[in-house]
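All remarks here apply to the structure that follows.
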Amino acid sequence: MVISAQERLDDVVVAVVEVAAEAGESGTYTADVARTLAAVVGKVGARIAAEAETRGFRCGWREAVVLSADGAQDGARVFRMPAGPGN
């Protein structure tokens, strides 16, 4: 079973909220705790986003290689964009 990037980030945020709630109940929640928890979400979120982008690139690349191996490049169409003003 593959967990989506959104589900992974949801799990991290839920865990951070639980830690914040426990710290609040025990009286140990401080500005440093808040900054640390925010940093955890930021770092993990960035890692999840980078992995999702890499996975998307790999899937697209794999698809392109399969299509080109099947001779599909012969049917490719190229569209040229008109030059803008002054070009």
Which numbered condition residue 61 fails, given (1) part of a helix (DSSP H, G or I); (2) of a type in the set (Phe, Trp, Tyr); (3) modelled with pLDDT of 95 or more: (3)
Any hit, region 32-44, residues being within 14 Å of the chain's Cα centre (by Cα) and among the polar types (S, T, N, Q): no
Selected residue (only one of 27, 71 is modelled with pLDDT of 95 or more and on the phi > 0 side of the Ramachandran plot): 27
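The values are calculated or read from the model by the stated rules, or taken from the named source; none is laboratory data. Please read these numbers as outputs of a predicted model, since none were measured by experiment.
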